[in-house]
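Where a number appears in this text, it was derived from the coordinates with a stated rule and is not lab data. Just so we're clear, the structure is a prediction, and the values are computed from it rather than from any experiment. Positions of Cβ are backbone-derived with ideal geometry, glycine not excepted, and every protein chain shown enters the neighbour counts.
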Amino acid sequence: MDARKGTGGKKARRGRRLGVITKGSLVEGLEMKLDPAQNIEDMKAGKFAIIEGEKNDFFSMVTDMRLDATNPEILLHPPAQDDDLLRQVLSGTSTYNIVSLRPMLMMPKAAGDDEGPRPVKAIPSHFSLVQEAEEEDVERIFGKEGDPEGRYFSLGTPLDMETQVCIDMVRFAERSNGIFGKTGTGKSFLTRLALCGLIHFERAVNLIFDMHNEYGFRAMKETGGRGTSFVKGLKQLFGDKVAIFSLDPKSTRARGIQPDFEVCISYDQIAVEDIAPLQDELKLNPTAVESAYLVYAIYKEKWLRTLLSLEGPDVEAFAEEIGAHAGSLVALHRKLKRLENFPFMVSKLHDADAVDRIMEYLDRGINVVLEFGQQTSMLCYLLVANIIARRIHEMYVKKSERFYATQRVEDQPRQLMITIEEAHKFLNPVAAKQTIFGTIAREMRKYYVSLLIVDQRPSGIDDEVLSQIGTRITALLNDEKDIQAVLTGVSGTEGLRSVLASLDSKQQALVIGHAVPMPVVIKTREYGPQFYRELGCLDELGEEERKAKVQKDIQALFGES
Ligand SMILES: Nc1ncnc2c1ncn2[C@@H]1O[C@H](COP(=O)(O)OP(=O)(O)OP(=O)(O)O)[C@@H](O)[C@H]1O
Ligand SMILES: [Mg+2]
């Protein structure tokens, strides 16, 4: 049963009375006069409130607040600082506070059991009562973790409340999603949470291009100068459901884990399409890419190997031989030589093809984290992610077409979600037309592949791609362009700008889109021991917790010193 159902006319128990509606419109939102008993400082942007209309409850978000006075004269003669009495006399009558509310969803009060929340198409009348939401309101809208279908996964709690806000994992897995926020706001933590939800409820199998080695096995947690602490990676939480592939096995081992597969890439696996998106990183001009196509036309998949086997002076003669522009080919040759420095590049594969191996794992429903180890250059990340994603996507297209032809349940591909960081590098307006990631974002989920894009500069992402993103989880952004980008293609977001810009700098996020019935600001769920336990991933204390506990016990015995 869908948890988000009407209550059959049952009146919900409500929280504190906040005020009454005095003004507003459907387009611009509503204004509430704050009750004198309420402190304006408790009204935070992003807070969840309910307006009780006559026929509907309007689930709303606080977007702004303002101080006002009935008579401007009063403001010219403010009470003295210590004149509390006068202040109290004025408060609520002559001086008052206005809070802007944006209704996001309305729920008919007398609805039958099958009627759930719906988009706002009406407004409540004058003096409708506004109240704080209660646990059961939040649950009614966002569902509750532990539902029999396993749809709902809690990402956090509303501001000033302890209830969980859940996202619908089925809907989350259905589309490409984005996690945004400026640096240090908790994107990687949010991504880990979302991935845990997908893996735990088996809503999608994941391929994660883990540039900073923070998803597979153990990740650092900032402690504000109070030593170092670590959180668990997906492998530690989900064991056999997660495989770690490594481009830099030495670094992976040094961090205490044996990779399941050591990834090498041979020159013959690199297509011209994989080089084209590197134009920025390699500073290639378009004619250089055209020359690459000329080499490819003759040498096919051996094109790169052939080109790199030439010594500098021979390239010009080679250009003449194949009819390419000598200058461009020389430049291309010189720049592609950089690829030879990558330790994972080999002329011949000794082991299995990494992409085939990734596909085998994904087919078995095992999530793959590809660690880059010390290979953290953007060039490396773009190159490898492109090569692998392009071929995985090809395989998925084939699988999906077979399924469309046979229509047999057993042929239906598993939904795949590919996580990429620094997404604007793959999805800026130029790259989005060239990279496989642009294709995946645009074709939606026709071929059962979607993206989880993590980025601190959403304004760098192509508009068309942004408009295809189903659910956006956004931590604090300051740049006006980035804020605008995150709200691209979402209707009814007026007022959310101020909310986004006023989030805390850590562990708060605005969730909008396909997986939630209405936009909501959350305090992000704490990713730590309690979460591991709630997920049922940890039956006993893990190593770090045990250490922490011992340390705490020692402290308790001997004091801080
Ligand atoms: N859900 C959470 N649970 C626990 N700690 C969190 C959570 N979210 C954020 N933090 C804290 O905030 C810090 C920064 O988070 P995180 O590393 O995810 O930021 P980021 O946005 O990925 O930054 P960058 O852009 O530099 O990668 C973490 O080290 C941690 O201390
Ligand atoms: Mg990060």
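Details
- Pairs spanning more than 20 Å between alpha-carbon atoms, out of Lys44/Lys506; Lys302/Lys399; Lys283/Lys425; Lys47/Lys506: Lys302/Lys399.
- Only aspartates and glutamates eight or more places from Lys232 in sequence, or on another chain, were considered; those with a Cα closer than 12 Å are Glu214, Glu543, Glu544, Glu545.
- Calculated mean residue ellipticity, 222 nm, the chain: -9500 deg cm²/dmol, from DSSP H runs (n ≥ 4) at -39500 (n - 2.57) each, averaged per residue and rounded to 500.
- Packing rank of 140-151, 33-44, where each peptide gets the mean count of other beta carbons within 10 Å, highest leading: 140-151, 33-44
- Assigned charges on the beta-carbon of Lys, Arg, Asp, Glu; the chain dipole about Cα centre (debye): 460
- Nitroxide proxy distance, nm - points 7 Å out along Cα→Cβ at Arg533 and Gln407: 5.1
- The distance between label points at Leu310 and Leu379 comes to 1.9 nm (points 7 Å beyond Cα on the Cα→Cβ vector).
- C-alpha center-to-center spacing [the range 338-388, the range 42-70] in angstrom: 50
- Reachable aspartates and glutamates from Lys348, criterion Cα separation under 16 angstrom, eight or more residues apart if same chain: Glu262, Asp268, Glu301, Glu340, Asp356
- Relative intensity, log₁₀ I(q)/I(0), of the chain from a Debye sum that treats every alpha carbon as a point, q = 0.10, 0.12 Å⁻¹: -0.91, -1.18
- Test item: Cα-centred dipole of the range 475-541, Lys/Arg +1 and Asp/Glu -1 on Cβ, debye: 140
- Positive-end extreme of charge dipole, the range 103-165 - chosen from Thr163, Pro108, Gln131 (charges on Cβ): Pro108
- Remark: the Arg334-Arg118 segment gains 71.8 nm on full extension, using 0.36 nm per residue and subtracting the alpha carbon distance.
- For the residue pairs Lys121/Lys144; Lys182/Lys433; Lys241/Lys300, alpha carbon separations beyond 32 Å are given by Lys241/Lys300.
- Placing R0 at 41 angstrom, the Cβ-Cβ distance between Lys300 and Arg255 gives a FRET efficiency of 0.55 after rounding to 0.05.
- Listing Val315, Val409, Val62, Val346 from fewest to most neighbouring C-beta atoms within 10 Å gives Val409, Val346, Val315, Val62.
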